[in-house]
Each structure stands twice: as structure tokens, then as C-alpha cells.
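The values are calculated or read from the model by the stated rules, or taken from the named source; none is laboratory data. Keep in mind that what you see is a predicted model, and the values were worked out from it rather than measured. Don't worry about glycine lacking a Cβ; one is built from the backbone with ideal geometry, like all the others, and counts go over all protein chains shown.
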Amino acid sequence: MINNMLNLPKLIIIDMMESKDDYRFLVETSSSSPLYCPKCGTVANLYKHGRKKQLFFDLPMHAKRVGIIVKRQRYKCKECGSTFFESLPDMDDNRSVTKRLIDWIQEASLEKTFTSVAEEIGIDEKTVRNIFNDYVTELEAQTDFCTPKWLGIDEVHLLKNYRCVITDVENKSVIDILRKRNKDTVISYLSKLQDIDKIDLVAMDMWNPYKSAVNSVIPHAKIVIDKFHVVKLANEALEKIRKANRQNVSAKERRQLMRDRYVLLTRSKDLTAFDDQIKLQVWTQNFPLLGQAYELKEQFFDIYEAESINDAYKLYQNWHLSVPKELMTYFEDLIKAMNNWEEEIFNYFNHPITNAYTESLNRLIKTMNHVGRGYSFEALRAKILFTQGYRKAKKKKKFKEVEVTFGKMLPDQFPNWSQTGYEWVYEKIYGADFSTLIKAMEEGTF
């Protein structure tokens, strides 16, 4: 009965020790002697050269760590004089763990921190990390993300650092998350993309390293500044004025102004509640400068409703001229951005693409930062990119070898005949789908 506990038929259990947290099994192998020397290839000229106990870790059992101590036979070759150990098919010699434990660590390290996995099975945290890194390298080699026509370059503040997020704008999916967002990192990534000529448009925010990287590697692609990042500057200008006005009101009014912040940042046409409309009227009438700034914010948003690039440009010029001197300081960042990124911003009106998933991305960031406590950047990246259920994919036709059962097609003539045939099958992978990621988070399965 004891020999069935490990479920490793090639090992014979000699003894078992049990403590509060661990099992230790002393085992020998049931394998026959090797037929030749692995060093020189000489056949049947070997002799036994003692045994050595080696510890290998295995899958946890009954909530306890499992160690397998193998009395491993050593051999010596009479021909070349080299010594070697008998082979252990179930073990990974490089890391002193069973091969099935490696499979378990690969999956567990996507769900838990490296430290908790190491503690659960009794090995060093560095070993867990190395196994995981090898696993991710293997997954990356097996996964071929489709290069998009509309590439998105964004960023998230994840685990105390800004990370560059590469997306497929058209399919609203994540293709990759880069450790850094500097120019060299982005250039290195873009340079490795396959079919890079198919990229027509690149949506991004106003971050010069992204622009420089794109112009260096894919100069034919048009850069389109995401309108969200532009109109955000108009809201930030209004926020500066709102905060400045708080210094000139009573404590009660200051608290009220803070609570009514969302009213000022909402488009007037979207303020459907009567109470919200009254709040807006009160604040804009009591603070004329705030009222002017609100109207300027509304007019700037209207630019993005223009039907052509020429109309949008004229609306902006009129808007710029209408900014009074006393408000110019507050709108300085917006005006500077419009000057520095004019071509890329107005490209939107010819190519109206946007990172429409920005709101979902922000929710994703918050959740990732929450669940990411104790996790590595690599683990979170791999969890998002390589978990099968999160992928957005589409079947395409491609000639592929499959087993074809002819009996199903011609049951009378060939009742049970099957052989290798071919059909057109191919999976096109677009990355990790945002809506699927968000759903997984809401259901607590991320």
C-alpha cells in the first residue's frame, strides 16, 4: 500500500517519515542497469560504483510538503573511467524536483506569489521564479499575437512604476505589457514585430518617447493622439480654476464645491438631473471666472464633434482666440499640447480611432494593483497575456494535418476506416480581450 502513495511506478518506497508539515520518502529505483556509457558509448563495460542519497521535492500531499530521498545508483565505465548516475525519468536533475511538480509550479505561480508557492512545497523562492520564467519563455514562443492595423500605445501605473501597454485598437485587446515606457524599450519591442508594414495607424498619448520610437521603426504609420488625453487637459484646466476659487469661499461653500466637482466636469448636455443643472448654475453665476472656464471647456469638447479636419481646425483657432488673458495660465498646458502635437492631434479627424477601452483599462489598473501585492510584474503580465480564457481569437483557414474518419462520411463503404488527412484550420490570436478581463475580475476569477 505504501508503494502506491507516490504514484511513481519506477520508484520503490523503502521507508516513510512524517512530521507536522512534511512527508519524507526514502526510495530506490526499479530500473535496470544501463546498457552503455553515456560518455564514451562503450556497451556493457560498466560496474556499480556506490550509491548516493539525493533529495527531490514533489507535489504536496494531504496539505504537507513532500520530499523524495532517492538512493541513487552510481556507475563507472571501465573503458573511459567516467562515473555517472542512473537516470531518473520522473525527476528534473537541474532543479531537484519531480517533473510533475514543475508542471504544478508553472500553473500555481500564475495564481499565487512566488514566495507562497515556495513555502507550500518547501523549495527556494528563486527556484520557483526560474521555473516560472522558463515557462513564460515557452509560452511566448508558442503564442503568435497578430500584428494589428491600428496599434495602441498606452501606459499603466502598475506595481509602483509606469508600464507601457501595447494594444490592438480595432479588436480592443492587450498584446503586450512592457516593463518600461522609455524610447529604447518601445523601439526594441516594435523592431521585433512581424508584418510591421501592415500597421497603418498608431493611437497614443502625448509622450515624446512613444512618438520617437514609432517614427524610428514604423515611419509610414500615422500617429493619432487619443482624444481622451486631449480633452482631459481641458478638464484639468477647469479643475485648477475650481481649486483656486476654493480659497475665496467659506468652509461650508468649500466643502460643497468639492462635492459638486463632478457637475463641472460633466458635459452640460449630459446633466439631465434638475438638481445637477441648478448646482451648475449656482457655481457658474457665483464665480464668473469659473463660469467662463466651464464654457471654454464645453466649447473645446465641441471641437471633437466637427465633421472635417478643416472645420475642427477653424473651431480650435476661434476657441484659442476666445481665451481671456486671466484664464490663459490655467489653459496653458492644453494650448501648449495643441501647438506641440498639432499634426498628430488633428490626424484624429481624418482617422477617428481612439483607445475606446481607456475606462476599462483604468479599472484593470486598479484591480491589477490590488491583486498584485506580492506578485511580480512578470507574473501579472503572463497571467493577462497567456491565460487561454482571456484571449480574443478568430478561426482562419490554414492547411493543417488532422485525423479524418472516413467512416463518418461513407459508413457503408468504410465503416471504421480513419487515416491522416488535411483541412484548413488556423487560429488568429489578437491578444487578451479587455471585456473578458474585466468580466473575470468582476466574477473574482482573475
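Checking 244, 237 one by one, the residue that is assigned by TED's automatic domain parsing to the domain that holds residue 333, at pLDDT 75 or above, more than 30 Å from residue 346 (Cα to Cα) and part of a helix (DSSP H, G or I) is 244 and no other. For segment 201-224, taking the residues that are farther than 17 Å from residue 166 by Cβ and surrounded by 15 or more Cβ atoms within 10 Å (Cβ to Cβ), the one that is modelled with the highest pLDDT is identified as 222. Against the list (1) touching a residue at least 40 places away in the same chain (Cβ under 8 Å); (2) over 15 Å from residue 73 (Cα atoms); (3) surrounded by 13 or more Cβ atoms within 10 Å (Cβ to Cβ), the condition residue 21 fails is (3).
In segment 304-321, what residues are farther than 17 Å from residue 337 by Cα and in contact (Cβ under 8 Å) with a residue 40 or more places away in the chain? Hits for segment 304-321 are 306, 308, 309.
Per the conditions (1) hydrophobic (A, V, I, L, M, F, W, C); (2) at pLDDT below 90; (3) under 47 Å from the mean Cα position of the chain (by Cα), the sole criterion not satisfied by residue 44 is (3).
Results for (1) of a type in the set (Lys, Arg); (2) in contact with a helix residue (DSSP H, G or I) (Cβ under 7 Å, 6 or more places away or on another chain); (3) not assigned by TED's automatic domain parsing to the domain that holds residue 64, shown as yes or no for each residue.
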position	(1), (2), (3)
151	no, no, yes
160	yes, no, yes
168	no, no, yes
172	yes, yes, yes
186	no, yes, yes
193	no, no, yes
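For (1) closer than 30 Å to residue 51 by Cα; (2) surrounded by fewer than 15 Cβ atoms within 10 Å (Cβ to Cβ); (3) without any contact (Cβ under 8 Å) to a residue 60 or more places away in the chain, each residue gets a yes or a no:
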residue: 83; (1), (2), (3): yes, yes, yes
residue: 114; (1), (2), (3): no, no, no
residue: 122; (1), (2), (3): yes, no, no
residue: 144; (1), (2), (3): no, yes, no
residue: 148; (1), (2), (3): no, no, no
residue: 154; (1), (2), (3): no, no, no
residue: 183; (1), (2), (3): no, no, yes
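If I filter segment 134-141 for residues that are crowded, with 18+ Cβ neighbours inside 10 Å and either outside the structural domain of residue 102 (by TED's automatic domain parsing) or of a type outside the set (A, V, I, L, M) (or both), do I get at least one hit? Lay out the reasoning, then the answer.
Kept after step one, since they are crowded, with 18+ Cβ neighbours inside 10 Å, are these residues of segment 134-141: 135-136.
Subset that is either outside the structural domain of residue 102 (by TED's automatic domain parsing) or of a type outside the set (A, V, I, L, M) (or both): 135.
Yes: segment 134-141 contains one or more residues that are crowded, with 18+ Cβ neighbours inside 10 Å and either outside the structural domain of residue 102 (by TED's automatic domain parsing) or of a type outside the set (A, V, I, L, M) (or both).
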